[in-house]
Amino acid sequence: QQIQEDLNKQLFDNLVSFLRRSHSEFQEKTTEWTCRMKSREIPTAALVLGVNVTDHDLTFRSLSEVLQNNISPYIALLEAKDCTGVKHLMQKLLGQLMNCYIDVDSLEDEDCVQVSQNRIRCSMTSLINWYESVTKKTDSETPRKKRTSSSKHWQSPPVVVIFKDMESFTTKVLQDFIVISSQHIHELPLVLIFGIATSPMIIHSLLPHSVSSLLCIELFQSLSSKEHLLTIIDKLLLTAQFPFKLGEKVLQILINIFLYHDFSVQNFIKGFQLCIVEHFYSQPLSVLCCQLEDAKKRVNSLSHNQCENIRRLPSFRRYVESQVSEKQVALLTTDSYLKEVIQKLLEDLHVYHENYVSVLRCLHVFTSSLPKYPLGKQIRELHCACLENQVWETEEYESSLQLARMLNKSDLVTMLQQCVEIFVSSSGKEFDKTVEKLKEFLTQFQKLEAEAFQEQDVSVSSQKELQKKTDLYHLQKTLLELKESRRSKKLTKFEMLRFEVVDYIDSLVRNYLVPADHKTLHEIAYFNTASVLREHLNAAPRTALHTALNNPYCYLKNQALKSDGGSISNKAPDICIVYKLHLECGRLINLVDWLEAFSTVVTAVEGPNADAASSDQVDDIIHARFIRAVSELELLGFIKPSKQKTDHVARLTWGGC
């Protein structure tokens, strides 16, 4: 939330300044406001937020809070589903505005009589009368009873109406409201904000020129959802501050859902939260997934069973196999020695994360400036490539190195300077020598500039000598000699230095960008169960519904519902019994036969009871239960009434799930 507030700060500041400008004009009754009154123009902000509609609610809530704190307490948020007509729109508008005016002082004031929405006529005249009454009341308040936020608001704060989903509003509702509002703009400082998901042109598509000319529109564009996501990945995942990490496949699933489904940052965060919950719920050793100092303390309190769980980890077993036989025996038998080793391994894992992030950013500086982006333009793509396997063994990495060996001097110097800044600001303690080496490269590039001027003078003199030879034979001979000398020519100092820089960056990559699954105890910090995440996020409703109706034990976990594959449990809900019976039928199902089969199952379950009511009453109850179960099955879309036979229903689903 803090990251998104920071990203939206510039947008909100621009909106606040826009509202203050339009507001101050009304306060001072300036010439511009007078001209606007004559033309009946309403100040309007067109806020383009993008197609990620699920993120808009959070943006509008934050915007509403900012406007209430800085501009006006009178903010109304309107949605198309609540405003099917102008009457409903005015009811919603008046209701929200009157609730906005309630505060602590007004509740304590016995003389304050709250106006009920139901007792007044919802019209623009009522809104103007209410606004005049509340602004006059504010003016007449004594200093002791003034609201705490009154100092932030003007004497006559504007009424801000936010249309959250403008595309969903009907044209008639918008037209009528704008026309009516424009006729009263000299009495009510109204400001409109249109939330737009597609394009600002939607305003002119929905509103004719006669209506859109009543609006004084200013356009505001929010950051794209991709930029939001990149910032969140950078601040939450590519940092050593948070111990919890996502595996390559899990991260790729979340990114693919974002890119190919909804562009929703909120849904990405929900998926991230689901990964956290699933990791700490399913991984017994996630107790050690915390800050390094806390993890070391928790290691000392590990039980013998938890130590055994650590010994079963695949990464730890590989580590044990790499040790000498004496250490292997100690690690597998002595818990105290194991805890000492675990503390050291956790510290190594923490250092690995610190170094990984810094070198990854440095590599991204190089790869993002290359043509064609072999390893991707975004750092998330590079991060996924490094998590998947040893990135230096891929063809994309090799082509990136080849392209880097052809960079010019200015680009190389700029990249090295950025890398120096990254390593200097890094929390890793192993990069002092790296910084010195990179600064040494920069010094060598500076020395090459003076030598480059001398080489340029030599080449100019050789060209002059070549021009002096006018004889064709001597000219051809000289050209051939120059060609041969270029073939056998050694690399220049700049080319050698460029190769040296690229090779040094390559050595950093090979040392620090080892895939996480190669590190011991990575299972504690990394969530890699992509199949579980895919089951939760990639919903298969028909399969889930079939499982619930065919095997209710899968969800209810009631031992009484356990049954063999073909039998029907004696405790199953009615809809499950009806569903299993309908699977045995053809295209058309006879309701009478279906009822008899249902009654047979139910009576066989309940058994004969002498103290029960009469058989007619029992039949009526069973009949009612059957009708309800069939109606539920029809509501779920498994059957529908048949026009061929009145006492039959048609089956709609076929095949296994």
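Taking amide hydrogens as modeled 1.01 Å from N in the peptide plane, which residues meet the under 5 Å criterion relative to Leu215, leaving out close sequence neighbours?
Sorted by chain and number, the residues that satisfy this are Ile42.
If you wrap segment 330-420's Cα atoms in a convex hull and average its projection over all directions, what's the area in nm²? Spell out each step's value before the answer.
On the way: hull surface 30.7 nm².
With the hull built on Cα positions only, its mean projection is 7.7 nm².
Around Ser301, with a cut-off of 13 angstrom between Cβ atoms, what is the net charge of the other residues, counting Lys and Arg +1 and Asp and Glu -1?
Numbers: positive: Lys296, Lys297, Arg298, Lys339; negative: Asp294, Asp335.
Net charge in that neighbourhood comes out at +2.
Quick one: which of 322-335, 576-589 comes out on top by average Cβ neighbours within 10 Å, and what's the full order, highest first? Intermediate values should be presented prior to the final figure.
Values: 322-335: 12.5, 576-589: 17.1.
By packing density, highest mean first, the sequence is 576-589, 322-335.
Grab every C-alpha pair in segment 212-343, bin the distances at 10 angstrom width from 0 up to the longest one, and report whole percents.
That works out to 10, 29, 24, 18, 10, 4, 3, 2, 0, in percent per bin.
Three principal axis extents, largest first, for the C-alpha atoms of segment 266-309, in Å?
Principal extents (largest minus smallest coordinate, Cα): 39, 22, 8 Å.
Per residue of segment 346-351, what does 6.51 cos²θ - 1.76 cosθ + 1.60 with θ = phi - 60° give for ³J(HN,Hα)? Whole Hz please, x for Gly and Pro, Karplus curve as stated.
Values, residue by residue: 5, 5, 4, 5, 5, 5 Hz.
Given the pairs Lys409/Lys439; Lys9/Lys270; Lys344/Lys519; Lys297/Lys327; Lys92/Lys164; Lys249/Lys372, which are separated by over 18 angstrom at their Cα positions?
Details: Lys409/Lys439 15 Å; Lys9/Lys270 23 Å; Lys344/Lys519 13 Å; Lys297/Lys327 23 Å; Lys92/Lys164 13 Å; Lys249/Lys372 25 Å.
Checking Cα-Cα distances, Lys9/Lys270; Lys297/Lys327; Lys249/Lys372 exceed 18 Å.
Once ligands and nucleic acids are excluded and a 1.4 Å probe is used, how much of Arg542 is accessible, expressed in Å² to the nearest 10?
110
Quick check for you: with a 1.4 Å probe and neighbouring chains kept, what is the accessible area per residue of segment 279-426, in Å²? Mind dumping the intermediate values first?
Numbers: 7500 Å² over 148 residues.
Averaged over the residues of segment 279-426, the accessible area is 51 Å².
Kindly rank 56-66, 518-528 from highest to lowest mean number of other beta carbons found within 10 Å of each residue. Each step should come with its number before you reach the end.
Working: 56-66: 17.4, 518-528: 21.8.
Final packing ranking: 518-528, 56-66.
Which value in Å does the Kirkwood hydrodynamic radius of segment 172-280 take, with 1/r averaged over all unlike C-alpha pairs and then inverted? Spell out each step's value before the answer.
Working: mean 1/r = 0.0564 Å⁻¹.
It is 17.7 Å.
Using each residue's phi in segment 383-396, evaluate 6.51 cos²θ - 1.76 cosθ + 1.60 at θ = phi - 60° and report the 3J(HN,Hα) Karplus result to the nearest Hz, with x for Gly and Pro.
Each residue of segment 383-396 in turn: 4, 5, 5, 6, 6, 5, 7, 5, 4, 6, 9, 8, 5, 4 Hz.
For an R0 of 41 angstrom, estimate the FRET efficiency from the Cβ-Cβ distance between Asn305 and Lys249 and round to the nearest 0.05. It would help to have the intermediate numbers written out before the result.
Working: r = 29 Å, r/R0 = 0.71.
E between Asn305 and Lys249, to the nearest 0.05, is 0.90.
The values are calculated or read from the model by the stated rules, or taken from the named source; none is laboratory data. Note that the structure is predicted; figures quoted are calculated from it, not measured. Positions of Cβ are backbone-derived with ideal geometry, glycine not excepted, and every protein chain shown enters the neighbour counts. Just the protein is used for accessible areas: all its heavy atoms, side chains included, with ligands, DNA and RNA removed. Shrake-Rupley method; radii C 1.70, N 1.55, O 1.52, S 1.80 Å.
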